[in-house]
Each structure stands twice: as structure tokens, then as C-alpha cells.
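See below for the structure under consideration.
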Amino acid sequence: MRRIETIAEVEAELDALCDLDPRLAAVRERAGEVPLRRTAPGFASLVSIVVSQQVSVASAAAILGRLKTLCDPLAPPAVAAADDELFRKAGLSRPKQKTLRAIAAAVLAGELDLQALCHVDADEAITRMTAVHGIGPWTAEIYLLFAAGHPDIFPARDVALQSSVGHALGIEPRPVAARLYRLAESWAPHRGTAARLFWAYYRSMKGREGAPPG
């Protein structure tokens, strides 16, 4: 599978994306730097994505920092053995506690190979991941985009992306997930770079990061 591994590849993808959809040239100009946003594949990366669900970037960073301190190393055995009090001190909600335990159990049982998922078709990888309790499509898409470097995934359920695309392209009200998925199809096979571009645009638009930790 072709991957996005370097900032030079992001720049080349942006050139191709703007050739494909000339409207995005203005978006690119306002967005400024478009980061690579890559993490090492594995358990810790997936945990950080789960932690970031439905909270601000700053809150996610604080919770993840506490979790890493309390649960060291941040690995499946430690998470599986952690009690409710540890998760409470870290600031994790009950649903996220349950999700992290389910992920740890699936990894330890050999049911979820997070390294191998980086080398399979995106649809298959998402199907395997969402079979684990608490992992939804957004979580799986973000993992494949950031940890696997998948070039053609657009997480249309992401509220920051919905807001950014709506603002940049003058779509009112902002496109919901179903509409944004359809719109993003026109950016294939560069949808991963389109997501990076619109997160960068969001940062320029709002003055704060909207992308999950990456």
C-alpha cells in the first residue's frame, strides 16, 4: 500500500489535489503549513485517539499525560490490569475506560494486530477495528490516517473537518458526515491529504488546533 511518510510527500499530494480541484488552491494558501501528522503504529497511538474523542485538543493532551504517568508503560498489560480509580484520576469517562479495556483485551488475545492493520485494505482494517467494543469508524479512520499513513481516508464524521470544509467552500449549513463523504469522493485518491489540508485550514480559521493528536 502506498503511504504518506514524509512532508515532501504531503506537498506533492497537495499539488495533485489542487490540480484535481482548483478551488483548493485558495484553501491551501490560507491554511499555511500542512503538517504530516504521523504517529508510530501500535497500542499507544490508538489510546491517544480514543482519549481525544469529543474533547478539546488541550483536554485530550492533559488526560493522556496523566494516563501515561499513572499507567507506565502505556501498554495492553498495564491497561488491562488498571483499576477504576486509576482511570478516574486520569480523567477518563466510563465509556472510554470500557473502550481502552476492550482494546487491551483484544490485543492481548491476538484478536487485534495494530501493526498488521497498517498493511491491509482500508475497508478491511476498519471492519476489524470496529469489531472491538468502543472503536467506531472515526477512531479507525484516524488510526489508519495517522499511524498507517493511509493516503485516501477522509474522516467525514470529524466536526472540525465539517466546519472547515463548510467555511472554505461556502456550504451552509456545514456538511454532515454523509454529505461530506460524498463530497470527499471527488478528492480521491488524495483524501488523506485533503483531511490534513482542511485541519490546517481550521487552525487558520479558528486560531486553535482541531485535528486529533497526531
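Computed from the coordinates by the stated procedures, all read-outs in this text should not be read as laboratory data. This one's a predicted model, so the numbers in the text were calculated from it and none came from an experiment. Methodologically, a virtual Cβ is constructed for each residue, glycine included, from the backbone with ideal geometry; neighbour enumeration extends over all protein chains shown.
Selection among Ile135, Gln54, Val120 by position relative to the dipole of segment 43-146 gives Gln54 as farthest towards the positive end (Cβ unit charges, Cα centre).
With loop membership from DSSP and a limit of 14 other Cβ atoms within 10 Å, the longest segment of the chain without trypsin sites (Lys or Arg not before Pro) is 24-207.
What's the exposure ranking of Leu108, Leu64, going from fewest to most Cβ atoms within 10 Å? Before the final figure, lay out each step's value.
On the way: Leu108 15, Leu64 21.
Arranged by neighbour count, lowest to highest, Leu108, Leu64 become Leu108, Leu64.
When only the Cβ of Lys, Arg, Asp and Glu is charged (+1, +1, -1, -1), the dipole of segment 132-214 relative to its Cα centre reaches about 180 debye. Converting phi to 3J(HN,Hα) with the Karplus coefficients 6.51, -1.76 and 1.60 and the offset θ = phi - 60°, segment 157-170 yields 6, 6, 5, 5, 5, 4, 5, 5, 5, x, 5, 5, 9, x Hz in sequence order, with x at every glycine or proline.
Rounded to the nearest 500 deg cm²/dmol, what is the calculated helix-only ellipticity per residue at 222 nm for the chain, with -39500 (n - 2.57) per DSSP H run of length n ≥ 4? Intermediate results must be reported in sequence, preceding the final value.
Numbers: 12 runs with 127 residues, N = 214.
Taking each H run of at least 4 residues, the total per residue is -17500 deg cm²/dmol.
Here the gap between Gln115 and Glu33, fully extended at 0.36 nm per residue and compared with their Cα-Cα distance, gives a gain of 26.6 nm. For the chain, the share of alpha carbon pairs falling in successive 5 Å distance bins from zero is 1, 7, 15, 19, 19, 15, 11, 7, 4, 1, 0 percent.
On alpha-carbon atoms, Rg over Rh for segment 1-116 using Kirkwood Rh?
On the way: Rg = 18.2 Å, Rh = 16.5 Å.
Taking Rh as the inverse mean 1/r over Cα pairs, Rg/Rh reads 1.10.
Think of each Lys and Arg Cβ as +1 and each Asp and Glu Cβ as -1; about the Cα centre, that makes the dipole of segment 43-146 roughly 500 debye. The ratio of the alpha-carbon radius of gyration of segment 123-177 to the globular-protein estimate 2.2 N^0.38 Å is 1.27.
What is segment 91-153's relative contact order, in percent, from Cα pairs under 8 angstrom and six or more apart in sequence?
Taking the mean separation of contacting Cα pairs over the length of segment 91-153, I get 31 percent.
For segment 1-151, the relative contact order works out to 31 percent when only alpha carbon pairs closer than 8 Å and six or more residues apart are counted.
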